[in-house]
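What follows is a short report on a single structure.
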Amino acid sequence: MNCAAHELPDVVLLPFVQAALAEDMGRKGDITSQVTIPDGKQGRLHLVSRRPGVIAGMALARLSFAQIDPAIDVNIVRQDGAHVQAGQLLATVSGNVRSMLAAERTALNFLTHLSGIATQTADIVRLVADTNARITCTRKTIPGLRVLQKYAVRVGGGWNHRMALDDAMLIKDNHIALAGDLRTAIAQAHAQAGHLTPVELEVDTLEQLAIALEEGVRLVLLDNMDCDTLRQAVAMCQGKAQTEASGGITPETVQAVAQTGVDYIAIGYLTHSTKALDIGLDFEA
């Protein structure tokens with residue numbers, strides 16, 4: 001696991017699991033298993049990766065089974081952050097068959113979604129490994145799942161941008177327009193920001209960047225700039241401000257962006273559009 005990932009404690013994860021299980025169980029529980037499987041039947045399931053990837057969300061899977069039936073035994077073989085191959089065993093789950101099937105979908109939903117994010121993040125991080133750029137996510141997350149999705153980004157080796165609106169001040173076009181002008185917006189932010197509140201400014205042009213640097217901005221978001229412009233922006237910021245590139249950056253373009261010398265690269269699709277990692281739960285023959 002990436003050293004910045006710090007596994008989330010059960011007390012944080014449990015509300016997510018309880019809400020997901022309540023949604024899935026409905027008013028009557030798993031009525032299919034109730035009529036097709038004898039009460040008390042025991043069995044063992046194998047949690048297996050069907051494709052290569054990076055695992056994230058194993059604790060959520062464990063809690064999903066435990067909330068349905070504390071007697072279910074989950075033996076985790078591959079922890080979060082593990083790089084796995086297709087067909088690799090991730091965990092064995094043993095206990096009451098009805099209970100295991102009731103928790104199956106919730107466990108897999110968390111595990112496949114978060115592992116997909118961790119996998120895609122790790123792929124992007126690998127593409128820029130020969131540069132100093134760090135890959136960051138954004139606030140473009142599924143409502144209610146931000147804590148989990150940003151955790152998965154960290155597991156994959158990425159870094160988090162703001163968790164919420166109160167983490168830092170990020171002055172964007174609308175703030176500037178409503179404040180009156182760029183210098184006014186910056187001055188108002190600096191006047192109100194506490195010593196622990198960063199101020200970042202989004203700029204679209206080198207002219208805006210020059211003003212930002214004159215006004216003492218120490219972190220600039222370079223929005224939708226081509227690589228030539230990014231290189232000029234990085235040169236202007238040397239020793240004055242850190243730089244973050246954003247805007248439509250893809251696996252095909254991220255290496256070129258990183259090679260411009262930017263400090264950070266913000267990629268929204270890591271949390272809003274990443275494909276789930278295919279993971280299955282199979283009965284032991």
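A straight Cα-to-Cα reach below 17 Å connects residue 150 with the lysines 140, 275, residues fewer than 8 places away in its own chain not being considered.
Between the residues 195, 174, 52, the greatest Cα displacement towards the positive end of the dipole of the chain, with unit charges on the Cβ of Lys, Arg, Asp and Glu, is found for 52. The heavy atoms of residue 165 offer some 120 square angstrom of accessible surface to a 1.4 angstrom probe.
Ligands, DNA and RNA excluded, the heavy atoms of residue 108 present near 10 Å² of accessible surface to a 1.4 Å solvent probe.
Among 121, 250, 106, the largest mean-square fluctuation in a Gaussian network model of the chain, built with springs joining Cα atoms closer than 10 Å, belongs to 250.
For the pair residue 228 and residue 19 in one chain, pulling the backbone fully straight at 0.36 nm per residue adds 70.5 nm over the alpha carbon distance. The order of 6, 272 by accessible area, most exposed first and with a 1.4 Å probe, is 6, 272.
Rolling a 1.4 angstrom probe over the protein heavy atoms with all chains in place gives region 104-201 an accessible area of 48 Å² per residue. Counting only protein chain heavy atoms and rolling a 1.4 Å probe, the accessible areas of 39, 167 rank, largest first, as 39, 167. Summed over qualifying helices (DSSP H, 4 residues or more, each -39500 (n - 2.57)) and divided by its residue number, the chain shows a 222 nm mean residue ellipticity of -13000 deg cm²/dmol. Largest GNM mean-square fluctuation across 66, 56, 152, computed for the chain with C-alpha springs under 10 Å, falls on 66. For region 126-285, the relative contact order works out to 28 percent when only alpha carbon pairs closer than 8 Å and six or more residues apart are counted.
Using a Förster distance of 45 Å, how high is the FRET efficiency between residue 27 and residue 207, based on the Cβ-Cβ distance and rounded to 0.05? Once rounded, the FRET efficiency stands at 0.15. Normalising the average separation of contacting C-alpha pairs (under 8 angstrom, six or more residues apart) by the number of residues puts the relative contact order of the chain at 23 percent.
Overall, the ratio between the Cα radius of gyration of region 184-225 and 2.2 N^0.38 Å, rounded to two decimals, is 1.14.
In order along region 164-180, phi translates into HN-Hα couplings of 8, 5, 9, 6, 7, 8, 10, 7, 10, 3, 5, 4, 5, 4, 7, 6, x Hz, rounded to whole numbers, per the Karplus curve 6.51 cos²θ - 1.76 cosθ + 1.60 with θ = phi - 60° and x for Gly and Pro.
A 1.4 Å probe, protein heavy atoms only, puts the accessible area of residue 246 near 20 Å².
Label-to-label distance for residue 140 and residue 253 is 1.1 nm, based on points extended 7 Å past Cα in the beta-carbon direction. Figure note: 150, 172 ranked by solvent-accessible area, largest first, 1.4 Å probe, ligands and nucleic acids not counted: 172, 150.
About its Cα centre, the chain has a charge dipole of approximately 720 debye under the convention of +1 per Lys or Arg Cβ and -1 per Asp or Glu Cβ, with nothing else charged.
The values are calculated or read from the model by the stated rules, or taken from the named source; none is laboratory data. In this text the structure is predicted, and so the values were computed from the model without any measurement. Methodologically, a virtual Cβ is constructed for each residue, glycine included, from the backbone with ideal geometry; neighbour enumeration extends over all protein chains shown. Surface areas here come from the heavy atoms of the whole protein model, side chains and all, with no ligands, DNA or RNA. Shrake-Rupley method; radii C 1.70, N 1.55, O 1.52, S 1.80 Å.
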